[in-house]
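Student: Dumping the structure here so I can ask a few things about it.
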Amino acid sequence: MANKIATRCDIMLFGALGDLAQRKLFPALYQLERAGLLADGSRILGLARRELSSDEVRKELRERLKQYVKPEEFNPSVVEAFLQRVEYQVLDFNNEAGFGLLNSWRDEENSELIVYLASPPAMYGVIARNLRSASCCTEKTRVVVEKPIGHDLESSRVINDELGEVYKESQLFRIDHYLGKETVQNLIALRFANNLFASQWDQNHISHVEITVAESVGIEGRWGYFDKAGQIRDMIQNHMLQLLCLIAMDPPSDLSADSIRDEKVKVLKALRRITPDMMETYVVRGQYTAGTSTGKPVPGYLEEEGANKRSETETFVALKVEIDNWRWSGVPFYIRTGKRLPEKLSQIIIHFKPAPHYIFDPDQKHLANNKLIIRLQPDEGMSLKILTKDQGLHKGMRLRQGPLELTFSEAFESERIPDAYERLLWEIMKGNQYLFVRRDEVEHAWHWVDRIIQNWSDGGDPPKRYAAGTWGPVASIAMITRDGRSWYEDA
Ligand SMILES: NC(=O)C1=CN([C@@H]2O[C@H](COP(=O)(O)OP(=O)(O)OC[C@H]3O[C@@H](n4cnc5c(N)ncnc54)[C@H](OP(=O)(O)O)[C@@H]3O)[C@@H](O)[C@H]2O)C=CC1
Ligand SMILES: O=C1O[C@H](COP(=O)(O)O)[C@@H](O)[C@H](O)[C@H]1O
């Protein structure tokens, strides 16, 4: 993944016994250990409410690592070395006096401090203040916060203000784990390292863009969280808009965090606001009913464990997004994301415009658009659909469309692709903010998304039903068909 060990870091992990920490963060830290990227002496202090000793937590962690790390990557001696770094401290995050204890663990002289807030977001402020009262942080402390930052613009401002009272923006690492995915970072390489694409990347050459992030899973026992969020807050406000920004932004002048973030913010500011009269044609929301997933029957959203049978929370959203700027004027971005779709698939399709004058068989005119398919997951890679002459004496100048194919796992004898959290933790240790989201990005994204949510609550239609295992409500197909287009399906 990289070749340089980060400096020695101590991590205070607030919420160490929670789902995120156990399922994602500890396995990612273990992988950094396995790759030899944790500096000697780096330590991890897990913090949560449950009354457990450090030994009991290490024992539990050993089992979780067995569960979440692939068997071929589970190395018992590396696990033991990793667990030696882990200690646990019982702490109620509301208990200001309790934070004093953390100071005896700190080693300010020899080690950078990372504070990772894997707690409910409502606690970010109180944890930050309690750390300050206990003089636990310095100006160098890095603070990591998870999404969602609030549930709308106003609440995100409150959280950001609370964090901002204690920390400078340069200390804050707001996670959007999509930015940690190798294939998402690859969008920057693809766009700005290949002049071939750079010169074609605008409304003169591109007719429209599709972004699909489909999941076959349902809400995986997270009803309590998900029903308050819905797909628009859970996926659109963050991951989908980040992907859109990376595709739509102007070239940054360098790879520094602020150069990239400045360009993303310009895109967010240029998103056309979706007014009530646009809802019918620009927005589709759906909710899955019972159906099948990977060949097995699955319940509908309203029959999931703990469900409120009358919920109108959306599990699917499709949007037509217009970007009102010079580069993208007249180029719609069709984006869709949902749970319980037929497969797990994230891909971006760039549809290029046809040549200005067409000279081939009129029956084949529909073929005459090049497409760039960027597969983010699974089967990471890209494919450029180009037109060539069909072979054979009797074919004349018939055209055929074929792919220039780049499947990363086949093309490069590369290392394993690290999980997004491995990359993000590694960048935090090195103090690089370019894969993290700045406050104004979060707020502009909320500002745009809030308008859609407001339109729904001002009397929009309820979510349209779709059977689990299908590609969402038929209205999402109608949305794109109305413009004479269709969602890309690989033939
Ligand atoms: N789970 C996921 O896949 C994802 C989660 N996130 C975000 O990550 C954060 C954590 O989520 P998740 O792990 O799912 O949440 P969980 O509810 O599973 O875990 C929360 C953790 O916080 C601790 N905690 C809560 N309140 C207190 C308190 N007052 N004092 C001490 N400890 C407390 C809990 O400790 P105890 O168990 O001892 O009560 C537990 O360890 C949230 O912000 C969430 O939105 C973001 C993306 C994905
Ligand atoms: O942040 C979230 O992302 C996951 C999807 O992430 P992926 O890396 O598996 O594509 C989603 O399932 C979850 O609801 C959401 O909170």
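The values are calculated or read from the model by the stated rules, or taken from the named source; none is laboratory data. Model, not experiment: these values are computed from the prediction. Glycine also receives a Cβ, built like all others from the backbone with ideal geometry; neighbour counts cover every protein chain displayed. Surface areas here come from the heavy atoms of the whole protein model, side chains and all, with no ligands, DNA or RNA. Shrake-Rupley method; radii C 1.70, N 1.55, O 1.52, S 1.80 Å.
Student: Which residue, of Lys385, Lys365, is open to solvent by 50 Å² or more (accessible area, probe 1.4 Å), outside any loop (DSSP other than H, G, I, E, B) and without any contact (Cβ under 8 Å) to a residue 24 or more places away in the chain?
Tutor: Working: Lys385 fails: open to solvent by 50 Å² or more (accessible area, probe 1.4 Å).
Unique residue meeting the criteria: Lys365.
Student: Condition check: part of a helix (DSSP H, G or I), closer than 20 Å to Ser216 by Cβ and touching a residue at least 12 places away in the same chain (Cβ under 8 Å). Does Leu341 satisfy that?
Tutor: No.
Student: Could you list, in sequence order, all residues of segment 130-140 that are outside any helix (DSSP H, G or I) and either crowded, with 20+ Cβ neighbours inside 10 Å or within 14 Å of ligand 1 (Cβ to nearest atom) (or both)? Steps first, answer last, please.
Tutor: Start the filter on segment 130-140 by keeping residues that are outside any helix (DSSP H, G or I), which leaves 134-140.
Correct list: Cys136, Cys137.
Student: Of everything in segment 206-233, what is within 15 Å of ligand 1 (Cβ to nearest atom), open to solvent by less than 10 Å² (accessible area, probe 1.4 Å) and touching a strand residue (DSSP E or B) at 6+ places or on another chain (Cβ under 9 Å)? Give them in sequence order.
Tutor: Val213, Gly218, Gly230, Gln231
Okay, residues lined up against (1) open to solvent by 50 Å² or more (accessible area, probe 1.4 Å); (2) within 24 Å of Pro418 (Cβ to Cβ):
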{"residue": "Gly41", "(1), (2)": "no, yes"}
{"residue": "Lys66", "(1), (2)": "yes, yes"}
{"residue": "Val69", "(1), (2)": "no, yes"}
{"residue": "Phe93", "(1), (2)": "no, no"}
{"residue": "Phe99", "(1), (2)": "no, no"}
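Student: What's the number of the only condition in (1) more than 16 Å from ligand 1 (Cβ to nearest atom); (2) at negative phi; (3) in contact with a strand residue (DSSP E or B) (Cβ under 7 Å, 6 or more places away or on another chain) that His366 fails to meet?
Tutor: Checking His366 against (1) more than 16 Å from ligand 1 (Cβ to nearest atom); (2) at negative phi; (3) in contact with a strand residue (DSSP E or B) (Cβ under 7 Å, 6 or more places away or on another chain), the one that fails is (3).
Student: What is the one condition in (1) within 22 Å of Ile349 (Cα to Cα); (2) out of contact with any Gly (no Cβ under 8 Å at 6 or more places or on another chain); (3) surrounded by 19 or more Cβ atoms within 10 Å (Cβ to Cβ) that Val474 does not satisfy?
Tutor: Every listed condition holds for Val474 apart from (3).
Student: Output the number of residues of segment 1-51 satisfying the condition of being touching a strand residue (DSSP E or B) at 6+ places or on another chain (Cβ under 6 Å), under 20 Å from Gly431 (Cβ atoms) and among the aliphatic types (A, V, I, L, M).
Tutor: 5
Student: On the given criteria, is Ser329 among the hydroxyl-bearing types (Ser, Thr, Tyr) and open to solvent by less than 20 Å² (accessible area, probe 1.4 Å)?
Tutor: Working: among the hydroxyl-bearing types (Ser, Thr, Tyr): yes; open to solvent by less than 20 Å² (accessible area, probe 1.4 Å): no.
Judged against the criteria, Ser329 is not a match.
Student: Yes or no: Tyr167 in contact with a strand residue (DSSP E or B) (Cβ under 6 Å, 6 or more places away or on another chain), closer than 24 Å to Asp440 by Cα and more than 16 Å from ligand 1 (Cβ to nearest atom)?
Tutor: Values: in contact with a strand residue (DSSP E or B) (Cβ under 6 Å, 6 or more places away or on another chain): yes; closer than 24 Å to Asp440 by Cα: yes; more than 16 Å from ligand 1 (Cβ to nearest atom): yes.
In short, yes.
Student: Please work out if Arg398 is at pLDDT 95 or above and either of a type in the set (D, E, K, R) or on the phi > 0 side of the Ramachandran plot (or both). First the steps, then the outcome.
Tutor: Numbers: at pLDDT 95 or above: no; either of a type in the set (D, E, K, R) or on the phi > 0 side of the Ramachandran plot (or both): yes.
Considered against the rule, which asks whether it is at pLDDT 95 or above and either of a type in the set (D, E, K, R) or on the phi > 0 side of the Ramachandran plot (or both), Arg398 comes out as no.
Student: Given the criteria in contact with a Ser or Thr (Cβ under 6 Å, 6 or more places away or on another chain) and under 23 Å from Val143 (Cβ atoms), does Trp446 qualify?
Tutor: Numbers: in contact with a Ser or Thr (Cβ under 6 Å, 6 or more places away or on another chain): yes; under 23 Å from Val143 (Cβ atoms): yes.
Yes: the conditions hold for Trp446.
Student: Here is a further query. Checking Pro297 against (1) under 25 Å from the mean Cα position of the chain (by Cα); (2) not in a loop (DSSP other than H, G, I, E, B), only one condition comes out false. Which one?
Tutor: (1)
Student: Among the residues of segment 210-232 satisfying the criterion of being charged (D, E, K, R) and either more than 18 Å from the chain's Cα centre (by Cα) or more than 10 Å from ligand 2 (Cβ to nearest atom) (or both), which is nearest to Asn370 (Cα to Cα)? Outline the logic, then answer.
Tutor: Looking only at segment 210-232, we keep the residues that are charged (D, E, K, R), and these are 210, 215, 220, 222, 227-228.
Then keep just the ones that are either more than 18 Å from the chain's Cα centre (by Cα) or more than 10 Å from ligand 2 (Cβ to nearest atom) (or both); that gives 210, 227-228.
Details: Glu210: 14, Asp227: 40, Lys228: 41 Å.
Looking at residues that are charged (D, E, K, R) and either more than 18 Å from the chain's Cα centre (by Cα) or more than 10 Å from ligand 2 (Cβ to nearest atom) (or both), I get Glu210.
Student: Here is a list: Leu25, Leu47. Which entry is in a helix (DSSP H, G or I) and surrounded by 14 or more Cβ atoms within 10 Å (Cβ to Cβ)?
Tutor: Details: Leu47 fails: in a helix (DSSP H, G or I).
Only one candidate qualifies: Leu25.
Student: Criterion first (more than 16 Å from ligand 1 (Cβ to nearest atom) and either assigned to a strand (DSSP E or B) or in contact with an Asp or Glu (Cβ under 7 Å, 6 or more places away or on another chain) (or both)) does Arg336 satisfy it? Break it down stepwise before answering.
Tutor: Details: more than 16 Å from ligand 1 (Cβ to nearest atom): yes; either assigned to a strand (DSSP E or B) or in contact with an Asp or Glu (Cβ under 7 Å, 6 or more places away or on another chain) (or both): yes.
It is true that Arg336 is more than 16 Å from ligand 1 (Cβ to nearest atom) and either assigned to a strand (DSSP E or B) or in contact with an Asp or Glu (Cβ under 7 Å, 6 or more places away or on another chain) (or both).
Student: Here are Ile127, Ile114: which of them is in a helix (DSSP H, G or I), open to solvent by less than 20 Å² (accessible area, probe 1.4 Å) and modelled with pLDDT of 95 or more?
Tutor: On the way: Ile114 fails: in a helix (DSSP H, G or I).
Every option except Ile127 fails the conditions.
Student: While we're here: For Glu56, state whether it is over 30 Å from Arg157 (Cβ atoms), within 16 Å of ligand 1 (Cβ to nearest atom) and surrounded by 12 or more Cβ atoms within 10 Å (Cβ to Cβ).
Tutor: Numbers: over 30 Å from Arg157 (Cβ atoms): yes; within 16 Å of ligand 1 (Cβ to nearest atom): yes; surrounded by 12 or more Cβ atoms within 10 Å (Cβ to Cβ): yes.
Yes; evaluated as a whole, the condition is true for this residue.
Student: Right, here's the next one. Given the criteria within 16 Å of ligand 2 (Cβ to nearest atom), small (Gly, Ala, Ser) and farther than 18 Å from Arg43 by Cα, does Ser119 qualify?
Tutor: Values: within 16 Å of ligand 2 (Cβ to nearest atom): yes; small (Gly, Ala, Ser): yes; farther than 18 Å from Arg43 by Cα: yes.
The answer is yes for Ser119.
Student: Which one of Glu322, Glu303 is touching a residue at least 12 places away in the same chain (Cβ under 8 Å) and more than 23 Å from Ile373 (Cα to Cα)? Write out each step before concluding.
Tutor: On the way: Glu322 fails: more than 23 Å from Ile373 (Cα to Cα).
On inspection, the qualifying residue turns out to be Glu303.
Student: Restricting attention to segment 452-466, which residues are part of a helix (DSSP H, G or I) and open to solvent by less than 70 Å² (accessible area, probe 1.4 Å)? Steps first, answer last, please.
Tutor: The initial filter retains those residues of segment 452-466 that are part of a helix (DSSP H, G or I), namely 452-457.
Answer for segment 452-466, where residues must be part of a helix (DSSP H, G or I) and open to solvent by less than 70 Å² (accessible area, probe 1.4 Å): Ile452, Ile453, Asn455, Trp456.
Student: Let me ask something else about it. If the Cβ limit is 6 Å and pairs must be 6+ apart or interchain, which residue in segment 206-221 that is over 20 Å from Ile247 (Cβ atoms) and among the basic types (Lys, Arg) pairs with which residue that is open to solvent by 30 Å² or more (accessible area, probe 1.4 Å) and more than 10 Å from ligand 2 (Cβ to nearest atom)?
Tutor: Here the result reads none, with nothing in segment 206-221 linked to a residue that is open to solvent by 30 Å² or more (accessible area, probe 1.4 Å) and more than 10 Å from ligand 2 (Cβ to nearest atom).
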